[in-house]
1. What part of the accessible area of the stretch 46-125, given as a whole %, is carbon or sulfur when the probe is 1.4 angstrom?
2. Using θ = phi - 60° and the Karplus curve 6.51 cos²θ - 1.76 cosθ + 1.60, what whole-Hz ³J(HN,Hα) does each residue of the stretch 11-17 get, with Gly and Pro shown as x?
3. Over 23 Å between Cα atoms, which of LYS80/LYS125; LYS53/LYS147; LYS125/LYS155; LYS147/LYS214; LYS61/LYS214; LYS2/LYS155 qualify?
4. Calculate the spin-label point distance for ASP13 paired with ASN140, positioning each point 7 Å from the Cα along the beta-carbon direction, and give it in nanometres.
5. For a quick check, take a GNM of the chain with Cα springs below 10 Å and name the residue from GLY190, GLY39, GLY142 with the largest mean-square fluctuation.
6. Taking the chain as a Gaussian network, where each spring joins two C-alpha atoms under 10 Å apart, which residue of GLY144, GLY197, GLY108 fluctuates the most?
7. Can you give the calculated 222 nm mean residue ellipticity of the chain, where each DSSP H run of n ≥ 4 adds -39,500 (n - 2.57) and the sum is split over every residue, rounded to the nearest 500 deg cm²/dmol?
8. Can you list the residues, at least 5 places off or on another chain, whose amide H is less than 5 Å from the amide H of SER138, using H built in the peptide plane?
Amino acid sequence: MKTIVSPSILSADFSCLARDIEMLNQSEADWVHADIMDGVFVPNISFGFPVLKSVARITQKPLDVHLMIVQPEKFIPEVKALGARFMNVHYEACPHLHRVVQQIREAGMQPAVTLNPATPVALLKDILADVDMVLLMSVNPGFGGQKFIEHTLDKVRELRELIAQTGSHALIEVDGGVNLETGARLTEAGANVLVAGSAIFNAPDPAAAIHALKSL
Ligand code: DX5
Ligand code: ZN
């Protein structure tokens, strides 16, 4: 399977957001990764639904929404209204994760569960069959441009095994510090989806950076 690339618009130029979304439309990007933060679950605030509504109107790529917020289940209708394909919720933010995953599915979206760097993959055993994707954070969430945490590679390998054991069809997505070098090692370890913010939007030619990530 070819690597799926999901550019994170957290690193886009918000004063020229339409231009950057149009660049993604014309590129080989598979999805658009949108990071919503609340200043509580993570120590930063990004953008919210009014901004994403405008993004949704002009993007031709499916939205991969990553909620770094407490009680993400409160916003299932808002994420659904964006026409999002994936709704990623953090394991650490959902004491009743099974219920939230079912609610996302019932709303017609594909549920994904996200793990912070310190959360073990083994904790996913009893939810893997119910989700379409696992998002492994390879930085502590909240900011773009951070350094890749090496231990993520072990987590990808462990998750690949757990997926095989449980017969799950979940994709493995990795987010944080992904560039050509870390991306190559991640796909080698078994990752299917690469999220990249600064490696794409800070590149001299973002469409070429997407092309290079696609070929990993
Ligand atoms: C971080 C976000 C990421 C971020 C990645 O909390 O979830 O999606 O945009 O940025 P880079 O690719 O620059 O590490
Ligand atoms: Zn993200």
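1. About 55 percent, which is the carbon plus sulfur part of the accessible surface.
2. 9, 6, 8, 5, 7, 9, 4
3. With Cα atoms farther than 23 Å apart: LYS80/LYS125; LYS53/LYS147.
4. In this crude spin-label approximation the distance works out to 3.2 nm.
5. GLY39
6. Between GLY144, GLY197, GLY108, it is GLY108 that shows the largest mean-square fluctuation.
7. -10000 deg cm²/dmol
8. ASP175, GLY176
The values are calculated or read from the model by the stated rules, or taken from the named source; none is laboratory data. If you're wondering where the values come from, they're calculated on a predicted model, not measured in any experiment. With ideal geometry, Cβ positions are generated from the backbone for all residues, glycine too; neighbour counts draw on all protein chains shown. Heads up: the accessible areas ignore ligands, DNA and RNA and are worked out on the full protein's heavy atoms, side chains in. Shrake-Rupley method; radii C 1.70, N 1.55, O 1.52, S 1.80 Å.
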